[in-house]
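Asker: I have a structure here, written as structure tokens, and I will follow up with some questions on it.
The values are calculated or read from the model by the stated rules, or taken from the named source; none is laboratory data. These numbers come from a predicted model, not from an experiment. No Cβ is skipped: glycine too gets one built from the backbone with ideal geometry, and neighbour counts run over all protein chains shown.
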Amino acid sequence: MKVLILNGSPHSNGNTSFIVNKLKESFPSDTIFVEINAFKENIKPCVECRYCWENEGCCIKDKMEVINSDDYDVLVIASPLYMSFLTPPLFSIITRLNYIWCNKHFLKISNNLKKKKGILILAGGGTGTPVYAINTAKLAFNYLNADFDEEKDYIYSLHTDKLLAKDDKEVLKQIDRTIEGLQLKDNFTLK
Ligand SMILES: Cc1cc2nc3c(=O)[nH]c(=O)nc-3n(C[C@H](O)[C@H](O)[C@H](O)COP(=O)(O)O)c2cc1C
């Protein structure tokens with residue numbers, strides 16, 4: 001089983017990464033993880049050049065190919081909340097999925113991406129609502145054909161100003177619930 005993680009935190013030892021690492025520990029030992037850190041990769045946002053209105057795919061060739069390769073079974077979107085949204089470099093990555101909608105809408109090309117599971121991790125330590133970040137993540141899961149259930153597949157620690165994710169007992173419970181929901185088969189692939 002392969003898990004692709006899009007990590008939108010600039011902190012390798014921060015709250016988001018703590019939750020990501022705990023989630024990784026809960027997967028079977030032979031799971032392959034590929035992680036893109038949005039701050040390090042600096043993937044450029046979509047500029048609506050409209051290539052994808054007339055051509056299949058996106059004309060910008062960069063690390064997005066890891067996402068577009070579609071060879072993973074689980075997609076994890078992980079981010080701190082910044083002004084109630086996913087962080088800007090992670091949002092840039094998500095804008096680059098726009099070619100999927102444009103190919104379908106303008107060219108009637110369905111890319112037939114394989115069915116996968118979506119998991120969302122959010123860390124927040126301020127005021128405001130996670131609802132915008134959740135909605136943006138849902139859009140990305142939808143474009144990439146990842147099945148995401150907010151009740152089961154959403155792991156969060158939203159008061160990190162008072163309680164760091166590493167001390168937030170709810171996080172481990174949410175991880176257990178999410179892993180149970182994946183319904184791994186005996187050979188550790190998804191049912
Ligand atoms: C620019 C900026 C904006 C932020 N906006 C929010 C917010 O809207 N809501 C919130 O709950 N926390 C907000 N925070 C706090 C972070 O989400 C919080 O500290 C989080 O735990 C950081 O995660 P990390 O340790 O993985 O980087 C903001 C932090 C920064 C730097």
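Asker: Consider Asp176 carefully, then state whether it is modelled with pLDDT of 95 or more, among the acidic types (Asp, Glu), within 21 Å of Thr31 (Cα to Cα) and touching a strand residue (DSSP E or B) at 6+ places or on another chain (Cβ under 9 Å). Explain how you work it out, then say what you get.
Answerer: Values: modelled with pLDDT of 95 or more: yes; among the acidic types (Asp, Glu): yes; within 21 Å of Thr31 (Cα to Cα): yes; touching a strand residue (DSSP E or B) at 6+ places or on another chain (Cβ under 9 Å): no.
It is false that Asp176 is modelled with pLDDT of 95 or more, among the acidic types (Asp, Glu), within 21 Å of Thr31 (Cα to Cα) and touching a strand residue (DSSP E or B) at 6+ places or on another chain (Cβ under 9 Å).
Asker: Which residue out of Thr136, Thr160 is crowded, with 21+ Cβ neighbours inside 10 Å and of a type in the set (Ser, Thr, Tyr)?
Answerer: It is Thr160.
Asker: Do we have Lys138 as within 20 Å of the chain's Cα centre (by Cα) and within 25 Å of Glu65 (Cβ to Cβ) here?
Answerer: Considered against the rule, which asks whether it is within 20 Å of the chain's Cα centre (by Cα) and within 25 Å of Glu65 (Cβ to Cβ), Lys138 comes out as yes.
Asker: Continuing with the same structure: Please work out which residue is nearest to the ligand (Cβ to nearest atom), limiting yourself to region 144-173 and to residues that are aromatic (Phe, Trp, Tyr) and within 12 Å of the chain's Cα centre (by Cα).
Answerer: Tyr154
Asker: Does region 104-127 contain at least one residue that is in a helix (DSSP H, G or I), in contact with a strand residue (DSSP E or B) (Cβ under 8 Å, 6 or more places away or on another chain) and either over 17 Å from Val20 (Cα atoms) or touching a residue at least 40 places away in the same chain (Cβ under 8 Å) (or both)?
Answerer: No: zero hits.
Asker: Can you name every residue in region 1-42 that is in a strand (DSSP E or B) and within 16 Å of the ligand (Cβ to nearest atom)? So that I can check it myself, show each step before the final result.
Answerer: Our first condition is that a residue be in a strand (DSSP E or B); within region 1-42, this holds for 2-7, 32-37.
Result: Ile5, Leu6, Asn7, Glu35, Ile36, Asn37.
Asker: Checking the condition of a type in the set (Gly, Ala, Ser) and closer than 20 Å to Leu158 by Cα, which residue from Ser92, Ser84, Ser69 passes?
Answerer: Of Ser92, Ser84, Ser69, the one residue that is of a type in the set (Gly, Ala, Ser) and closer than 20 Å to Leu158 by Cα is Ser84.
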